[in-house]
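Take a look at the structure below.
The values are calculated or read from the model by the stated rules, or taken from the named source; none is laboratory data. Just so we're clear, the structure is a prediction, and the values are computed from it rather than from any experiment. Cβ sites come from the backbone with ideal geometry, for glycine too, and all protein chains shown count toward neighbours. To get the accessible areas, we keep the full protein, side chains included, count just its heavy atoms, and leave off ligands, DNA and RNA. Shrake-Rupley method; radii C 1.70, N 1.55, O 1.52, S 1.80 Å.
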Amino acid sequence: MTTTYAVLSEGVEKSYGPVHALRGLDLAVAEGTVCGLLGPNGAGKTTAVRILTTLSPPSGGRALVAGHDVVRDPAAVRRAIGVTGQYASVDGDLTGRENLRLFARLSGLRGSAGRARADELLERFGLGEAADRVAGTWSGGMRRRLDLAAGLVVRPRVLFLDEPTTGLDPAARDHIWSAVRTLADEGTTVLLTTQYLEEADRLADDVVVVDRGRAVAAGTPGELKARIGAHAEVTVPAAEALAGAAAVLDRLTGGRPVLDEERLTVGVTVLDAGLTLPRIVRELDGAGIPVTDAGLRPPTLDEVFLRLTRVRTADGGAPAATTPDTAAAAKEHAA
């Protein structure tokens, strides 16, 4: 079966003088899926979103959104997308209903059609009771939900969410997550940039890790976790047993055990999928190493993220912070 891509970028580059924000970014986001774009500050995530939403032209490469070239046919791209940025774009002096009706008019929905769409979105996002209150009196979570609703006035084929839950409490974040998952289930493609790894783990069908302007890894959250292996950790009753436990784990895994003298633990990455916790315990017992606790668990997406981005930095390149998205955007605005 042929996969249809809602977002496709091939070797996209973006430079601001000597600053290279993107260095050949490749993305392929299948229709009707949620793709999580992860990366440290300055990795190029926001720059990529600006290019894909036609707010900034690429310096090189090619990008298609909803089948339209972002350079050759930006108007068609804009008709097919919705965008929710890092900060709420709603007008705090207008009510929630007035905000959505304004967005409807700006999107070409006038009269009863615009009013009906605004009312539908207010109910869908649980904002009906507050609809006629001035948005400036709403909580941060409610304003973010209103902002997301505004991006859906025209039912976009592709929705770009740039760190949509930054600063929200867990309950407000759950509201946003539920709405995003529902959108994807209904067929909207979502490209989500986030620094909350739990968010990507919960929502994303696929994850792309970006570092220093390039995609350094891609796959489902499960596939990326499998790449770095499980994590084994044992706790011993006294510091004198740490070295012996580390030697056993080193022999079993070939990894580099990490000792924590304060917690009296030894942790190590396990790449061998056949290595079980009972075997680890038996080997420690056979070596005469006392153990008070032992565990073997899959890695978290946070650990995957740190491992992949640390590898890139260790390769000898400049850290990602040398190409911050904010600095790049500021330079473009000044120009």
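Table for the structure above
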item: Verdict on Val311 being at pLDDT 50 or above and under 27 Å from Ala245 (Cβ atoms); result: no
item: Pair list, Cβ < 6 Å and 6+ apart or interchain, from segment 76-93 residues that are closer than 15 Å to Thr188 by Cβ and among the aliphatic types (A, V, I, L, M) to residues that are modelled with pLDDT of 90 or more and open to solvent by 60 Å² or more (accessible area, probe 1.4 Å); result: Ala80/Arg157
item: Any hit, segment 147-168, residues being of a type in the set (Phe, Trp, Tyr) and over 30 Å from Glu13 (Cβ atoms); result: no
item: Selection within segment 1-42 - open to solvent by 70 Å² or more (accessible area, probe 1.4 Å) and either basic (Lys, Arg) or under 17 Å from Ala200 (Cα atoms) (or both); result: Arg23, Asn41
item: Every residue from segment 278-304 that is within 23 Å of Asp201 (Cβ to Cβ), touching a Leu at 6+ places or on another chain (Cβ under 6 Å) and not charged (D, E, K, R); result: Leu296, Leu301, Val304
item: Test: Thr95 is open to solvent by less than 60 Å² (accessible area, probe 1.4 Å), among the polar types (S, T, N, Q) and closer than 30 Å to Ser9 by Cβ; result: no
item: Segment 227-246 - residue that is free of Cβ contacts under 8 Å to residues at least 24 places away in the same chain and open to solvent by 60 Å² or more (accessible area, probe 1.4 Å) and, of those, nearest to the chain's Cα centre (by Cα); result: Ala243
item: The listed residue being at pLDDT 90 or above, touching a Gly at 6+ places or on another chain (Cβ under 6 Å) and more than 21 Å from Arg202 (Cα to Cα), out of Leu152, Leu122, Leu102; result: Leu122
item: From the options Leu146, Leu197, Leu192, Leu159, residue that is under 23 Å from Gly42 (Cα atoms), modelled with pLDDT of 85 or more and in contact with a Phe, Trp or Tyr (Cβ under 9 Å, 6 or more places away or on another chain); result: Leu192
item: Residue within segment 166-184 that is more than 15 Å from Thr84 (Cβ to Cβ) and touching a Phe, Trp or Tyr at 6+ places or on another chain (Cβ under 8 Å) present; result: no
item: Selected residue (only one of Leu161, Leu152, Leu148 is touching a strand residue (DSSP E or B) at 6+ places or on another chain (Cβ under 9 Å), closer than 11 Å to Gly36 by Cβ and not charged (D, E, K, R)); result: Leu161
item: Selected residue [touching an Asp or Glu at 6+ places or on another chain (Cβ under 8 Å) and at pLDDT 95 or above] from Ala6, Ala76, Ala43; result: Ala6
item: Residue that is within 32 Å of the chain's Cα centre (by Cα) and either of a type in the set (Lys, Arg) or surrounded by fewer than 18 Cβ atoms within 10 Å (Cβ to Cβ) (or both), where the choices are Thr276, Thr253, Thr309, Thr292; result: Thr276
item: Residue match in segment 43-52 (condition: open to solvent by less than 10 Å² (accessible area, probe 1.4 Å), free of Cβ contacts under 8 Å to residues at least 12 places away in the same chain and among the aliphatic types (A, V, I, L, M)); result: no
item: Of all residues making up segment 56-74, the number that are open to solvent by 40 Å² or more (accessible area, probe 1.4 Å) and among the aliphatic types (A, V, I, L, M); result: 1
item: Hey, Arg101 touching a residue at least 24 places away in the same chain (Cβ under 8 Å), assigned to a helix (DSSP H, G or I) and crowded, with 19+ Cβ neighbours inside 10 Å or not; result: no
item: Out of Leu38, Leu27, sole residue that is under 13 Å from Asp162 (Cβ atoms), in contact (Cβ under 8 Å) with a residue 24 or more places away in the chain and under 19 Å from the mean Cα position of the chain (by Cα); result: Leu38
